[in-house]
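Here's the structure we're looking at; comments come further down.
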Amino acid sequence: GDLDKVVNLLLSLSGRLARVETALSSLGPHAPAEDKVALREKQQLLVAQLEDAKELKEHVGRREEAVGAMVARYLPTEHLQDYRHFIKMKSALITEQRELEEKIKLGQEQLRCLRESL
């Protein structure tokens, strides 16, 4: 459960940071200074939060290793391999699911913009 939460947090923060950086780069030279300052402050906050989330992921990883060592004492080799595969795939699938959700949102947004432009 913690792995799910941390991976979702990392993906959320990364996505938000990417949007802020895109907004910053799309600001023209004549954009109001307060807009640039607000976006830079938001960027700095997101970078700090992302670093904190990475530390959390490392902590969860260490805890996962400790749990894995404990589980290894009680499971036969075949079941242990299944357990390790499950843990590895779970994180990858969460990431893939989040990416697909973002692509769907982007597609819906683009479709909405196209409809509005017609």
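The values are calculated or read from the model by the stated rules, or taken from the named source; none is laboratory data. This structure is a prediction, so every number in the text was calculated from the model and none was measured. Quick reminder, even Gly has a Cβ in these numbers, built from the backbone with ideal geometry, and neighbours come from all protein chains shown. Just the protein is used for accessible areas: all its heavy atoms, side chains included, with ligands, DNA and RNA removed. Shrake-Rupley method; radii C 1.70, N 1.55, O 1.52, S 1.80 Å.
At a glance:
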| read-out | value |
| --- | --- |
| From 42, 88, residue being of a type outside the set (S, T, N, Q) and touching a helix residue (DSSP H, G or I) at 6+ places or on another chain (Cβ under 7 Å) | 42 |
| Those residues of the stretch 52-66 which are within 17 Å of the chain's Cα centre (by Cα) and either basic (Lys, Arg) or farther than 30 Å from residue 83 by Cβ (or both), in sequence order | 54, 57 |
| Cβ-Cβ under 7 Å pairs, at least 6 apart or on other chains, the stretch 25-51 side closer than 17 Å to residue 12 by Cβ, far side of a type in the set (Val, Ile, Thr) and modelled with pLDDT under 95 | 42/20; 43/20; 46/20 |
| Candidates 46, 56 - the one that is open to solvent by 60 Å² or more (accessible area, probe 1.4 Å), assigned to a helix (DSSP H, G or I) and out of contact with any Pro (no Cβ under 8 Å at 6 or more places or on another chain) | 56 |
| Residue list for the stretch 15-39, restricted to those being over 20 Å from the mean Cα position of the chain (by Cα) and open to solvent by 100 Å² or more (accessible area, probe 1.4 Å) | 29, 30, 34 |
| Where residue 76 falls short, out of the listed (1) open to solvent by less than 60 Å² (accessible area, probe 1.4 Å); (2) over 14 Å from the mean Cα position of the chain (by Cα) | (1) |
| Every pair of residues 6+ apart whose Cβ atoms lie under 6 Å, when the first sits in the stretch 55-80 and is in contact (Cβ under 8 Å) with a residue 24 or more places away in the chain while the second is of a type in the set (A, V, I, L, M) and surrounded by 14 or more Cβ atoms within 10 Å (Cβ to Cβ) | 56/6; 57/6; 60/3; 60/6 |
| Failed condition for residue 91, given (1) open to solvent by 70 Å² or more (accessible area, probe 1.4 Å); (2) closer than 17 Å to residue 3 by Cβ; (3) not assigned by the TED database to the domain that holds residue 17 | (1) |
| Lone unmet requirement of (1) closer than 19 Å to residue 98 by Cβ; (2) exposed (fewer than 12 other Cβ atoms within 10 Å of the Cβ) for residue 6 | (2) |
| Subset of the stretch 59-69 that is aliphatic (A, V, I, L, M) and surrounded by 11 or more Cβ atoms within 10 Å (Cβ to Cβ) - its residue that is farthest from residue 98 (Cα to Cα) | 67 |
